[in-house]
Amino acid sequence: MSKNEGKYNIKAASKMLGIQPGTLRAWERRYQMIAPVRNDSGHRLYTEEHIKILKWLIQKVNKGFTISQAVSLLENDHQALLEGNLSETVPDHDLSKELLEELLKALLEFDEGHAHEIMDKIFSLYSVEKVLIDILGTLLVKVGDLWENDEISSAHEHFASAFLRSRIGMILHGLPVNGFLPKTVSVCGPGEWHELGLLIYTLFVRRKGFETIYLGTSIADNDIHIVLKEINPKFLFLSCTLSVNLPKTLEMVDDLHRDYPELIIGLGGSAVDRMPEHKKTSYREFLIGNTMKEWEDWLKEHMNSKN
């Protein structure tokens with residue numbers, strides 16, 4: 001059978017590629033990057049070349065490109081892909097690091113208009129997951145390090161934080177909720193006002209469909225009990241960025257774990273990441289990690305353990 005003859009039906013192609021048939025149909029309709037042949041019954045049949053193209057597109061999407069950007073790269077040299085030379089003719093150049101530096105520069109110059117332009121470009125090029133972790137997550141670390149080392153003023157840190165909080169918040173409140181999933185609450189630990197890391201994690205959880213009550217910076221000590229009794233969430237996510245606030249945050253974890261045995265508590269933040277190993281061992285069940293893979297694994301484990 002020639003590689004240009006239809007060989008795989010949509011079910012087989014979907015299984016080979018690891019994507020849903022509906023996604024495959026939607027890509028074909030919207031971007032027309034392939035044209036499957038039809039058998040006598042009118043069903044799609046994919047050739048070896050179709051599978052090769054689709055595998056390449058999926059690899060790009062998995063690296064953080066949007067499907068539209070991946071299709072644009074493909075259109076630059078379709079023949080090179082079929083000959084196996086696309087990586088040489090179309091460099092797999094990820095602009096995210098350059099855009100990150102450009103965004104940081106705009107924020108430190110208080111250039112809000114330019115910062116919004118860069119953010120619009122970033123979201124047009126990359127998936128939300130890549131933006132959250134690889135770009136905004138890295139940016140938060142950079143801004144935090146600059147501030148802690150007295151290389152920027154508190155005004156710079158506040159401006160950058162307010163800008164990012166606004167952009168992330170716009171996405172957070174526009175995401176749909178799956179009513180079958182439990183409620184979650186996100187709040188910073190006692191004394192904490194560095195909330196952006198928590199906001200990014202909350203957006204990750206909301207992308208999963210969880211109904212999320214985001215409280216942000218630290219609230220009065222006893223108010224957390226009011227929130228928990230009113231909302232009755234399944235998950236409570238706490239964040240601690242400054243090491244000086246860690247003891248009280250851990251004390252809160254201990255108290256809430258004792259008082260609400262059914263509540264699943266997740267703990268994260270740079271101060272938590274810097275804890276000595278013996279302390280991490282003591283609180284291991286609460287540590288959500290600091291990569292998306294760790295977040296996924298922690299959430300999956302605790303959803304399964306207390307269903």
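General observations
- Taken one residue at a time, the phi angles of the stretch 267-280 give Karplus couplings (6.51, -1.76, 1.60, θ = phi - 60°) of 10, x, x, 5, 5, 5, 4, 8, 4, x, 4, 5, 6, 4 Hz. Gly and Pro are set to x.
- Farthest positive-ward along the chain dipole, Cα basis, beta-carbon charges - from Ile168, Ser270, Phe210: Phe210
- Degrees, to the nearest 10: 292-305 long Cα axis against longest axis of the chain: 70 degrees
- Across the options Pro21, Tyr126, His194, the greatest Cα extent toward the positive end of the charge dipole of the chain (unit charges at beta carbon of Lys, Arg, Asp, Glu) belongs to Pro21.
- Percent of beta bridges antiparallel (DSSP, the chain, rounded to nearest 5): 20 percent
- Nearest-ten-degree value, helix 154-172 long axis tilted from longest Cα axis of the chain: 50 degrees
- Here the gap between Met16 and Met303, fully extended at 0.36 nm per residue and compared with their Cα-Cα distance, gives a gain of 100.4 nm.
- Rounded to whole Hz, the Karplus (6.51, -1.76, 1.60) HN-Hα couplings of the stretch 227-240, x for glycine and proline: 5, 5, 6, 6, 8, 6, x, 8, 10, 10, 10, 10, 10, 9
- Near the amide H of Ile213, within less than 5 Å, lie the amide hydrogens of Thr184, Val185, Ser186, all on another chain or at least 5 residues away, with H placed in the peptide plane.
- Val128 sits among other residues whose Cβ lies under 14 Å from its own Cβ, and their net charge, with Lys and Arg +1 and Asp and Glu -1, is +2.
- Here's how it looks for Gly266: its modeled amide H is under 5 Å from those of Leu236, Phe237, Leu238, which are all 5 or more places away or on a different chain.
- Placing unit charges on the Cβ atoms only, positive for Lys and Arg and negative for Asp and Glu, gives the chain a dipole magnitude near 1620 debye about its Cα centre.
- Sum of side-chain charges, Thr241 neighbourhood, beta-carbon under 9 Å (Lys, Arg +1; Asp, Glu -1): -2
- Counted by Cβ distance under 15 Å from His194, the other residues give a net charge of -2, where Lys and Arg count +1 and Asp and Glu count -1.
- Footprinting exposure proxy for Asp297, Asp134 (fewest neighbouring C-beta atoms within 10 Å first): Asp297, Asp134
- Couplings 3J(HN,Hα) of the stretch 21-35, computed from phi: x, x, 5, 4, 4, 5, 4, 4, 5, 7, 10, 6, 7, 9, 9 Hz, in residue order, whole Hz [Karplus 6.51 cos²θ - 1.76 cosθ + 1.60, θ = phi - 60°; x for Gly and Pro].
- Helical content alone sets the calculated 222 nm signal of the chain at -16500 deg cm²/dmol, taking -39,500 (n - 2.57) per DSSP H segment of four or more residues and averaging over every residue.
- On Cα atoms only, tilt of 48-62 relative to the major axis of the chain in degrees: 20 degrees
Bear in mind these aren't lab numbers, they're just calculated from the coordinates by the rules spelled out. Given the structure is predicted, the values throughout are model-derived calculations rather than measurements. Reconstructed Cβ throughout: ideal geometry from the backbone, glycine too, with neighbour counts over all protein chains shown.
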